[in-house]
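Here is the structure we will look at.
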């Protein structure tokens, strides 16, 4: 069996700050933002590709009692793969936004073999791996 990742959900304190990072710095497109701002949907998303989105869940959606402290994170990191030709521009945007490089460059194995990888934290501390493969990859 093979599967395609449909979405991940990040619990976020500040939806606007996360949208600014993923849309403005990383360069992804928002989804359902106008509906979220109008109160018609509970959360906005950012689109990775035709198959995958990241949902940005505000505190009201975290489950449990509102205001209850979140438990330990179950997610160590997630990885966004870009074409090698796009890496320098993304790195420039990350640096211009003051996003601190946590680790890299590293050679790490992934879905398409060895890749060059870098680790950053988004504004709310989620660990994001950005990587590229030497040869262009399919979607």
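How high is the relative contact order of the chain, given as a whole-number percent (alpha carbon pairs under 8 Å, six or more residues apart)?
22
Comparing 78, 43, 21, which has the greatest mean-square fluctuation in the GNM of the chain with Cα pairs linked when under 10 Å apart?
Judging by the Gaussian network model, the answer is 78.
Just the number, please: percent antiparallel of the DSSP beta bridges in the chain, rounded to the nearest 5.
70
Taking the chain as a Gaussian network, Cα atoms linked when under 10 Å apart, which of 74, 126, 11 shows the biggest mean-square fluctuation?
Of 74, 126, 11, the most mobile in the Gaussian network model is 74.
Taking other Cβ within 10 Å of each residue's Cβ, how do 54, 8 sort, fewest first?
8, 54
How far is it, in nm, from the label point at residue 111 to the one at residue 40 when both lie 7 Å from their Cα along the line to the Cβ?
3.1
Take residue 13 and residue 87, extend 7 Å from each Cα along the Cα→Cβ direction, and tell me the distance between the two endpoints in nm.
It is 3.3 nm.
Neighbour counts of other C-beta atoms within 10 Å: give me 30, 45, 20 arranged from fewest to most.
With the fewest neighbours first, 30, 45, 20 line up as 20, 30, 45.
For the range 95-139, calculate the relative contact order in percent as a whole number, restricting contacts to Cα pairs under 8 Å that are 6 or more residues apart. Intermediate values should be presented prior to the final figure.
On the way: 62 pairs, mean separation 13.6, N = 45.
Over the range 95-139, the number comes to 30 percent.
Consider the candidate values (i) 11, 37, 28, 10, 7, 5, 2, 0; (ii) 10, 40, 36, 13, 1; (iii) 13, 37, 31, 14, 4, 0; state which one is P(r) over Cα pairs in 10 Å bins from 0, in percent computed from the structure displayed.
For P(r) over Cα pairs in 10 Å bins from 0, in percent, the calculated option is (ii).
Measure nothing fancy, just the Cα-based angle from helix 84-96's long axis to the longest principal axis of the chain, in degrees from 0 to 90, nearest 10.
50
Computed from the coordinates by the stated procedures, all read-outs in this text should not be read as laboratory data. Since we're looking at a predicted model, the values are computed, not measured. All Cβ positions, even for glycine, are placed from backbone atoms using ideal geometry, and neighbour counts span all protein chains on display.
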